[in-house]
Amino acid sequence: MFILKNGRLVVGDGRTPAFTGSLVIDGDRIAAAGPDDYTGGLDDTVVDLGGRLVLPGALDCHAHAVAPGPRFASGTPGVSLPEVMGNLRRHLSQGHTTVVDLDGFKLPAETTQVTGQPVRVASSTVHFEPMFQAADAADGSGLTAAHRDMTAAAMADAGAVVIGEVGAGMTLGGGGQDYLYIPAAVEKATGTRLTPAQSKALKYAVLGRHIRPGAPDTGAVRRLLTEYGLAERLPVADAVALIEDSVLPSFQTALDGLVRSADLAVDLGIPTLVHNSAPSDEAARTAAKVAGPLFIGGHTNHGTFSADEAVASARYIREQGGHVELDTFDAWGRRELHAAPEHLIALVQEGLVDVIATDYASGHWDGVFSAVEAIVGVGLASLEAAVAMVSGNVARALPRLGDRGLLRPGRLADVVVTSPRHPSDIELVIVGGEVVLAAEGSGLREPAR
C-alpha cells in the first residue's frame, strides 16, 4: 500500500473539519483516511508530508481544448494534438485530475486519443438540434459528417457526463466572440486585429451587454474606431454591420438550444451545463425551471452580468434546485479577458456558489485552486467549503463522476498535496494511486514501489 502520513486532510465534502492524519491508498482506490498515524508494513511505501495539505484532485467541470476535435458550441476546428497535450499538462500542474471537455460536438474516438496521459478526460454532448444550426450560423467548419450523425442519446450511452456547453460565447455573443470571431472579422476588413478587450468594447457599443440589436451607440462606435486607428478604414455603419453579422446569426438559435437542453437533460438523466450570462439569462431561467437539479448555470460570474444580476441569477437557479458554477477565467493571472474576480467574490460572499471551474479564457485559464486560495485568504469561505467547490460538490452535480472527488474509502485515489498555507502551490499529484507529478524543489518525489 501507499501511505501519506502527517498531512492535513481536507475530505472535500464541505462539512468534515480538516484534520491531521494519514491517507492510505491500495491500488487505484483510497483504503482509509483518518487521524491515525499509519506506519505501514514491510511492503508498503510511506511518505511523511510534514503537515502539507492533502486534498481531493480537482474536478474541473468546464474545460475546453482537452481532446482533438471541434471546439465550442460553434464547431470551430480543434487545436492540434500537441497543443491538447500541453493543455492537459497545464491542468495537471494546477491539480486538476479530472477535466470535463465541454466541446460538446466531439466524438468518443477523439477523446480516446488522450488516454495515454494521466488526467481523466470526461466527455459532453451538444449533438442535437438546434445546436447544429447555431454552430453552422456562427462557424461549423470543424464539424464532419460523423459529428453531425452523432446523437446526444448515443453520447450519453457512451459515457458523456453532461450536456454542454450549451450556447457558449461563440454563439451567444460572449467572450468567444471577443477573442476569436470579432477580431478575425475586423482583421479581414481592415488588416488590423483587435485585442479581446477592444472587440468587447466595440461589441457593447453596437449591441450592449444584453445583445439587443437596433440601437447602436454610434457616437461610442466612432470614438472607439478613432481610438483604434480604424476610422479611415472602417466607417461607423460598416462597423455596426460587421459586429451584427458576427454575433447575431447564431444568437436566437443558440437560446432555443439552451431551452431545449433542459428537456433533453430530463429525458437522458444527465445534467445540462449552459452558458449563463446577461444575454442568455432569460433562457437559462426557463431551462433551470424545467431541469431543476439537472441544471448547472455555467460561469454565473460572467462579465456581461452586473454583480446584482449575477446574484439574482444564482438565487433563481438555487430556488429551482440547480447548481451555480463560477469560473476562474484569467482573473488571477493574465487578466486580459477578465481583469478582476469581483463577481466571483460577490457570489461567494452571498453563499451562492456550488462549483468552481476554469473555462478557457482564450487558452489562459487560471487553476481552480487559485480561486480556492483567494477565497479562503480573504475569509469568504472556510478551506473545507472552498475545496468542496472544486471536488465533492462537482461529483454531486455530475453524478457520473461520483467515484471521485472525496478522500473517502472506495473513492478513486486522485489526490493533490500542496504547501500547508497555499492550496495553489501544487507539490504532488496522484492519479489512480500513482504519482504523476512531483514538483521540483518540493522535497517530494515518486516513491519506489
task = Would you confirm whether any residue within the stretch 90-100 is among the charged types (D, E, K, R), assigned by TED's automatic domain parsing to the domain that holds residue 274 and on the phi < 0 side of the Ramachandran plot?
result = yes
Elements of type helices (runs of 4 or more DSSP H) in the stretch 140-203, at least 3 residues being surrounded by fewer than 21 Cβ atoms within 10 Å (Cβ to Cβ) = 145-149, 152-157, 182-190
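Rundown of residues vs (1) in the same structural domain as residue 326 (by TED's automatic domain parsing); (2) under 21 Å from residue 132 (Cα atoms); (3) in contact with a Lys or Arg (Cβ under 8 Å, 6 or more places away or on another chain), yes/no style:
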{"residue": "240", "(1), (2), (3)": "no, no, no"}
{"residue": "254", "(1), (2), (3)": "yes, yes, no"}
{"residue": "260", "(1), (2), (3)": "yes, yes, no"}
{"residue": "263", "(1), (2), (3)": "yes, yes, no"}
{"residue": "268", "(1), (2), (3)": "yes, yes, no"}
{"residue": "278", "(1), (2), (3)": "yes, no, yes"}
{"residue": "294", "(1), (2), (3)": "yes, no, no"}
key: Filtered residues of the stretch 70-87 (kept if free of Cβ contacts under 8 Å to residues at least 60 places away in the same chain and buried (at least 21 other Cβ atoms within 10 Å of the Cβ))   = 84
note = Reported set for the stretch 227-261 where residues are hydrophobic (A, V, I, L, M, F, W, C) and in contact with a strand residue (DSSP E or B) (Cβ under 6 Å, 6 or more places away or on another chain) is 258
ask   = If you check residue 313 against the conditions, is it assigned to a helix (DSSP H, G or I), polar (S, T, N, Q), surrounded by fewer than 19 Cβ atoms within 10 Å (Cβ to Cβ) and in the same structural domain as residue 84 (by TED's automatic domain parsing)?
value = no
request  = Determine whether residue 356 is closer than 16 Å to residue 28 by Cα and β-branched (Val, Ile, Thr).
outcome  = no
note = The lone condition residue 92 fails out of (1) buried (at least 17 other Cβ atoms within 10 Å of the Cβ); (2) among the hydrophobic types (A, V, I, L, M, F, W, C); (3) more than 15 Å from residue 430 (Cβ to Cβ) is (3)
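Results for (1) among the aliphatic types (A, V, I, L, M); (2) touching a residue at least 12 places away in the same chain (Cβ under 8 Å), shown as yes or no for each residue.
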residue	(1), (2)
386	yes, yes
402	no, no
432	no, yes
444	yes, yes
task = For residues that are of a type in the set (Asp, Glu) and over 21 Å from residue 284 (Cβ atoms), scanning just the stretch 314-350, find the one that is modelled with the lowest pLDDT.
result = 336
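Residues checked against (1) touching a strand residue (DSSP E or B) at 6+ places or on another chain (Cβ under 6 Å); (2) outside the structural domain of residue 140 (by TED's automatic domain parsing); (3) of a type outside the set (Val, Ile, Thr):
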| position | (1), (2), (3) |
| --- | --- |
| 13 | no, yes, yes |
| 32 | yes, yes, yes |
| 62 | yes, no, yes |
| 67 | yes, no, yes |
inquiry  = Checking the conditions here, which among 336, 342, 384, 350 is more than 30 Å from residue 179 (Cβ to Cβ) and among the acidic types (Asp, Glu)?
reply    = 384
task = Enumerate the strands (runs of 3 or more DSSP E) found wholly within the stretch 351-449, keeping only those where 2 or more residues are modelled with pLDDT of 95 or more and over 14 Å from residue 341 (Cβ atoms).
result = 415-418, 426-431, 434-438
request  = Would you point out the residue of the stretch 108-137, among those that are among the aliphatic types (A, V, I, L, M) and surrounded by 19 or more Cβ atoms within 10 Å (Cβ to Cβ), that is nearest to residue 75 (Cα to Cα)?
outcome  = 135
task = Could you list all residues from the stretch 292-310 that are in contact with a helix residue (DSSP H, G or I) (Cβ under 8 Å, 6 or more places away or on another chain), surrounded by 18 or more Cβ atoms within 10 Å (Cβ to Cβ) and over 18 Å from residue 395 (Cα atoms)?
result = 300, 301, 302, 303, 305, 309, 310
task = Determine, yes or no, whether residue 268 is within 21 Å of the chain's Cα centre (by Cα), over 22 Å from residue 353 (Cα atoms) and touching a residue at least 12 places away in the same chain (Cβ under 8 Å).
result = no
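Can you give me the number of residues within the stretch 206-220 that are under 20 Å from residue 278 (Cβ atoms), free of Cβ contacts under 8 Å to residues at least 24 places away in the same chain and outside any loop (DSSP other than H, G, I, E, B)?
1
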inquiry  = If the requirement is being of a type in the set (Gly, Ala, Ser) and in contact (Cβ under 8 Å) with a residue 24 or more places away in the chain, which of these qualifies: 185, 201?
reply    = 185
note = Within the stretch 272-320, the residues that are closer than 22 Å to residue 250 by Cβ and among the basic types (Lys, Arg) are 285
note = A careful count of residues in the stretch 164-183 that are among the hydrophobic types (A, V, I, L, M, F, W, C) and more than 14 Å from residue 362 (Cα to Cα) gives 2
message = Give all pairs with beta carbons closer than 7 Å in which a residue from the stretch 226-249 that is touching a residue at least 60 places away in the same chain (Cβ under 8 Å) meets a residue that is of a type in the set (S, T, N, Q); count only pairs at least 6 apart in sequence or on separate chains.
response = 246/177; 247/177
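For (1) on the phi < 0 side of the Ramachandran plot; (2) outside the structural domain of residue 15 (by TED's automatic domain parsing); (3) surrounded by fewer than 24 Cβ atoms within 10 Å (Cβ to Cβ), each residue gets a yes or a no:
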{"position": "357", "(1), (2), (3)": "yes, yes, no"}
{"position": "361", "(1), (2), (3)": "no, yes, yes"}
{"position": "372", "(1), (2), (3)": "yes, yes, no"}
{"position": "380", "(1), (2), (3)": "yes, yes, yes"}
{"position": "383", "(1), (2), (3)": "yes, yes, yes"}
{"position": "389", "(1), (2), (3)": "yes, yes, no"}
{"position": "395", "(1), (2), (3)": "yes, yes, no"}
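The values are calculated or read from the model by the stated rules, or taken from the named source; none is laboratory data. Worth saying up front: this structure is predicted, and the values here are computed from it rather than measured. With ideal geometry, Cβ positions are generated from the backbone for all residues, glycine too; neighbour counts draw on all protein chains shown.
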